[in-house]
Amino acid sequence: MLTEKRLPLLPVFDTHAHLDDPDVSLPELLRELEGLRAVGWRGALCAGYGPERFLAGRALCEADDRVVRACGLHPEWLAAHPDQVTREAGWRALQSELDAAGVAAVGEIGLDRRARDAFPLASQLSWMDRGLRLAAERSLPVVLHIVGWHGHALEAVGRCGVPNGGVVHRYSGPVELVPSWVAAGLYLSLSLEPREDPEKRAELARAIPADRLLVETDWPLRDHTYGQAFQALQDLCAHVAVARGETPLEVAERSDRNSRALWGRPA
Ligand SMILES: [Zn+2]
């Protein structure tokens, strides 16, 4: 998947990347983004993880208007911060950060079955419900992180609603549940996830309706600069195109249009 060869330049919006990662230097990243504009980079959604990163996300959005961001309490962040005092402080920080510039969505929020020992389902569901309700109150879309437990996640969405839509990022659920997610009002995003089975991804690429399909790097990826991941994202568009019987340009341009509709980005 992550190849060295240069593909034709495709205009692609990266709908999920952690550009506010603590290991990233903002000046270096800004230089890299500037270079990527020349090879098709249309921007990115910087996905939220936890309150420690809010400041970096804000600085990035202020420095580059092609980046929009989501703020949330990621299930992994909640699992890593089991004490209620820290979690509630994170929640308050999230609420106030939503007033800041550049925030286009609430997320990541969701469910992760891998964390079930440290963070049981009932507790994960209560935090997911809070996140969904907060997004509805703020009239914002959501960025959902769902690993396993797609049935529970769909129930949460049914219970709380997603009146402003959103995305299930790095969609890894069953192909059979694609229509349920689409009916719930969500976009589904395919990622570079190297462990992803290419056949399943091709099946998903065919099953997701054109007007709900997004693509993402989900960077950082081990041993890849953001520029290399972006190149691989263009590669992913070509794979999706083969699966759907379309051109890579059609896939890239439509994903860019879909992301504009979802995140309220200007053309
Ligand atoms: Zn993420």
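The values are calculated or read from the model by the stated rules, or taken from the named source; none is laboratory data. Only a predicted model underlies this, so the values are computations on that prediction, with no experimental measurement involved. Every residue, glycine as well, gets a Cβ built from its backbone with ideal geometry; the counts of neighbours run over all protein chains shown. Surface areas here come from the heavy atoms of the whole protein model, side chains and all, with no ligands, DNA or RNA. Shrake-Rupley method; radii C 1.70, N 1.55, O 1.52, S 1.80 Å.
May I ask you to verify whether L29 is away from the ligand (no atom under 16 Å from the Cβ) and farther than 19 Å from L262 by Cβ? In short, yes.
Condition first: open to solvent by less than 40 Å² (accessible area, probe 1.4 Å), touching a helix residue (DSSP H, G or I) at 6+ places or on another chain (Cβ under 9 Å) and away from the ligand (no atom under 16 Å from the Cβ). Can you find one or more residues in the range 106-120 that meet it?
Looking through the range 106-120, at least one residue is open to solvent by less than 40 Å² (accessible area, probe 1.4 Å), touching a helix residue (DSSP H, G or I) at 6+ places or on another chain (Cβ under 9 Å) and away from the ligand (no atom under 16 Å from the Cβ).
Identify, please: which residue in the range 52-65 is more than 16 Å from the ligand (Cβ to nearest atom) and touching a residue at least 40 places away in the same chain (Cβ under 8 Å) and is, among those, least open to solvent (accessible area, probe 1.4 Å)? Break it down into steps so the answer makes sense when it comes.
Here is the first cut: in the range 52-65, the residues more than 16 Å from the ligand (Cβ to nearest atom) are 55, 58-59, 61-65.
Next cut, touching a residue at least 40 places away in the same chain (Cβ under 8 Å) only: 58, 61-62.
Working: R58: 79, C61: 19, E62: 132 Å².
Only one residue tops the list, namely C61.
Contact map, the range 165-191: residues that are in contact (Cβ under 8 Å) with a residue 40 or more places away in the chain paired with residues that are part of a strand (DSSP E or B) and among the acidic types (D, E), Cβ distance under 9 Å, separation 6+ or inter-chain. Pairs shown: V167/E216; H169/E108; H169/E216; R170/E216; S189/E216; L190/E216; S191/E216. Scanning the range 219-229 for residues that are touching a residue at least 40 places away in the same chain (Cβ under 8 Å) and either away from the ligand (no atom under 16 Å from the Cβ) or in a loop (DSSP other than H, G, I, E, B) (or both) yields P220, L221, H224, T225, G227, Q228.
Here is a list of conditions, (1) within 15 Å of the ligand (Cβ to nearest atom); (2) over 21 Å from V167 (Cβ atoms), and H81 meets all of them except one; can you say which number that is? Every listed condition holds for H81 apart from (1). Looking only at the range 154-164, decide whether some residue is within 16 Å of the ligand (Cβ to nearest atom), open to solvent by less than 20 Å² (accessible area, probe 1.4 Å) and either under 19 Å from the mean Cα position of the chain (by Cα) or of a type in the set (S, T, Y) (or both). Taking every residue of the range 154-164 in turn, none turns out to be within 16 Å of the ligand (Cβ to nearest atom), open to solvent by less than 20 Å² (accessible area, probe 1.4 Å) and either under 19 Å from the mean Cα position of the chain (by Cα) or of a type in the set (S, T, Y) (or both). When the range 215-267 is filtered for residues that are among the β-branched types (V, I, T) and open to solvent by 30 Å² or more (accessible area, probe 1.4 Å), the ones remaining, listed by number, are T225, V242, T247.
Can we say L45 is open to solvent by less than 10 Å² (accessible area, probe 1.4 Å), over 29 Å from V251 (Cα atoms), within 18 Å of the chain's Cα centre (by Cα) and within 16 Å of the ligand (Cβ to nearest atom)? Steps first, answer last, please.
Working: open to solvent by less than 10 Å² (accessible area, probe 1.4 Å): yes; over 29 Å from V251 (Cα atoms): no; within 18 Å of the chain's Cα centre (by Cα): yes; within 16 Å of the ligand (Cβ to nearest atom): yes.
Taking the combined requirement at face value, the residue does not satisfy it.
For residues that are assigned to a helix (DSSP H, G or I), open to solvent by 20 Å² or more (accessible area, probe 1.4 Å) and in contact (Cβ under 8 Å) with a residue 12 or more places away in the chain, tally how many sit in the range 15-32. Walk me through it before giving the result.
Residues of the range 15-32 assigned to a helix (DSSP H, G or I): 26-32.
Checking which are open to solvent by 20 Å² or more (accessible area, probe 1.4 Å) leaves us with 26-28, 30-32.
Subset that is in contact (Cβ under 8 Å) with a residue 12 or more places away in the chain: 26, 30, 32.
Residues flagged as assigned to a helix (DSSP H, G or I), open to solvent by 20 Å² or more (accessible area, probe 1.4 Å) and in contact (Cβ under 8 Å) with a residue 12 or more places away in the chain within the range 15-32 amount to 3.
Name, by its number, the condition in (1) over 20 Å from H18 (Cβ atoms); (2) over 15 Å from the mean Cα position of the chain (by Cα); (3) away from the ligand (no atom under 16 Å from the Cβ) that does not hold for L98. Failing condition for L98: (1). Residue check: is L177 open to solvent by less than 50 Å² (accessible area, probe 1.4 Å), touching a helix residue (DSSP H, G or I) at 6+ places or on another chain (Cβ under 8 Å), within 16 Å of the ligand (Cβ to nearest atom) and of a type in the set (A, V, I, L, M, F, W, C)? No: the conditions fail for L177.
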